[in-house]
1. Would you work out the charge dipole size for the chain about its Cα centre, treating the Cβ of every Lys and Arg as +1 and the Cβ of every Asp and Glu as -1, and quote it to the nearest 20 debye?
2. Using helices alone, what [θ] at 222 nm do you get for the chain, with -39,500 (n - 2.57) per DSSP H run of 4 or more residues, divided over all residues and rounded to the nearest 500?
3. For a label point 7 Å from the Cα of residue 7 along Cα→C-beta, name the residues of segment 32-58 whose backbone N is under 17 Å from it.
4. Taking only the alpha carbons of segment 1-153, what extent do you get along each of the three principal axes, in Å, biggest first?
5. Please give the residues of segment 188-212, grouped as numeric ranges, whose backbone N is less than 14 Å from a label point set 7 Å along the Cα-to-Cβ vector of residue 30.
6. Would you mind putting 179-188, 146-155 in packing order, based on average other-beta-carbon counts within 10 Å, highest first?
7. Straight-line reach from residue 190: which lysines fall under 23 Å, measuring Cα to Cα and dropping same-chain residues less than 8 apart?
8. Tell me the GluC sites (Glu not before Pro) within segment 144-239 that lie in a loop according to DSSP and have at most 11 other beta-carbon atoms within 10 Å.
Amino acid sequence: MNKYETIIPAASHWSLRVRRGMQMTLTDIEGDANVGMVFYNPENLLERYNAPDTLKGQHTFKLTKGHCLYSDMGRIFASIIEDTIGWHETVSGNSHASHIEAKWGKRDYQNDRNGWMQNGHDAMLVEMAKYGLTKADIAANLNLFSRVGTDADGNMSLVEGNSPAGSSVTLRFEMDTLVMLHTCPHPLNKATSYPKKPISILLEKATPVAEDDLCKMSRPENQRGFANNELYYLGADMSTDTGAEA
């Protein structure tokens, strides 16, 4: 299999171990989608995505093409190699059941079936449980396709219309990565009705990282992050000669 394509319905969750050297393109099918996403090292689940280090190490508040997504061990899970939007956020976290109930009323799957309104926090916990992770293991997540702004008093709000239909972002994975995501509404979404926005995912092999790679060269910190990855995988690709001399 050279590539894999799927559609993640609205208010759903999904996870997959993605191998280093692969790339994932996420596309906002209808516009104004939100994808909550977080990363873990499948070989050591204590290592996970670190939002503060990702932002401060690259001197940015937004995420876009040229930025890297860091672990709490100073390594790079993934690089953003393509982006048609120019702004994704990683500071607002997930929606909770209380947010959904306050904005759109209380519903649950037992009574409402596929019409229920899932929240990002619980959606992520469902995926995490598949790998033995609990609420204590939740890390601050990305909110792809979403942009937040602040007013003069520092109050944050979701910027409407940030992601037109067909918008896409491509992540190149620099480590083997356990990817968890959901398509639940952004916690600051103020739509009059529960937003139901699907996304598509395309997984395929990435082009190897070049010496002048934008993500690698955009910041000295990123060069160190790539060097940390190289050290982590030192010897991993060496073949072992198991033959014996006569």
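The values are calculated or read from the model by the stated rules, or taken from the named source; none is laboratory data. None of the values given here were measured: they were computed from a predicted structure. Heads up, the Cβs are rebuilt from the backbone with ideal geometry, glycines too, and the neighbour counts pull from every protein chain shown. Surface areas here come from the heavy atoms of the whole protein model, side chains and all, with no ligands, DNA or RNA. Shrake-Rupley method; radii C 1.70, N 1.55, O 1.52, S 1.80 Å.
1. Details: 24 positive and 31 negative charges, 127 e Å.
Magnitude of the dipole: close to 600 debye.
2. Details: 6 runs with 45 residues, N = 246.
Roughly -4500 deg cm²/dmol at 222 nm, from the helical runs in the chain.
3. Residues passing the 17 Å test: 32-34.
4. Result for segment 1-153: principal-axis Cα extents of 47, 44, 32 Å.
5. Hits in segment 188-212 for residue 30 at 14 Å: 191-200.
6. 179-188, 146-155
7. The reachable lysines, counting only those whose Cα sits under 23 Å from residue 190, are 62, 103, 106.
8. Working: sites: 160, 174, 204, 211, 221, 230; in loops: 160, 174, 211.
In loop regions of segment 144-239 (DSSP not H, G, I, E or B), the sparsely surrounded GluC sites (Glu not before Pro) are 160, 211.
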